[in-house]
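Here is the structure we will look at, set down as structure tokens.
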Amino acid sequence: MENARTFEKVCAILNEYNHNYYQLIPILEAVQEEYRYLPEEVMAFIAISLGISPANVFGVASFYSHFTFTPKGKYVIKVCDGTACHVKKSADIIKAMEEQLELQTGQRTTGDMLFTIETVSCLGACGLAPAIVINDEIVYGLLTPEKAVKLIKDIQAKEVPGSNEPGEH
């Protein structure tokens, strides 16, 4: 019964794509959107459901860099470390955010699954260096470590249950 609940969303996604193995990439994208990563048992279930080998599913998922096999936080912060950002001390921004989030060496996601910090080669916002993007939606530029920490604190305040910040309803 637990497995049925676990795969209920996956079944809905597979149904949406008519169990068409030619739609594997959009299926994997939808599953990753739902789970924030691709769990191994879900990929095996997809393979069985589509009548293809698990190796096929894993091969496709591992080929594309936007698929991930480890859980990510609700807020994925991509820190640019391209040349312009690196020269303008993006490493200091990373360090300040890691300290604020109490991430240990090598840890990318907070224990509460709220934040994931990733380093990327370029955001295409060189004129705003150093820059970050949160959830591939909003670019924040001309950052300092203090401004980056404030962004995190603002999100943390918003995420606290029962928090009633001014302007929030």
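Here are the numbers for this structure:
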quantity: Anisotropy class of the range 2-63 from Cα gyration tensor, a/c 1.5 cut; calculated: rounded
quantity: Per DSSP, loop GluC sites (Glu not before Pro) in the range 62-161 with at most 12 further Cβ within 10 Å; calculated: Glu102, Glu137
quantity: Under 5 Å, built H, 5+ apart or other chain: amide partners of Val76; calculated: Thr116, Asn135
quantity: Free-standing Cys, the chain [no other Cys Cβ under 4.7 Å]; calculated: Cys11, Cys122, Cys126
quantity: Sequence of Asp81, Asp154 once ranked by neighbouring C-beta atoms within 10 Å, starting from the fewest; calculated: Asp154, Asp81
quantity: Relative exposure of Thr144, Thr109, Thr70, judged by other C-beta atoms within 10 Å (fewest first); calculated: Thr70, Thr144, Thr109
quantity: Ranked list, fewest to most other Cβ atoms within 10 Å of each Cβ, for Ile138, Ile155, Ile132, Ile48; calculated: Ile138, Ile48, Ile155, Ile132
quantity: Listed residue (Phe7, Ile94, Ile138) projecting farthest to the positive dipole end of the chain, Cβ model; calculated: Ile94
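Laboratory data are not the source of any read-out in this text; all were calculated from the coordinates shown. Values in this document were obtained by computation on a predicted structure and should not be read as measured data. Please note: Cβ atoms are built from the backbone with ideal geometry, for glycine as well, and neighbour counts cover all protein chains shown.
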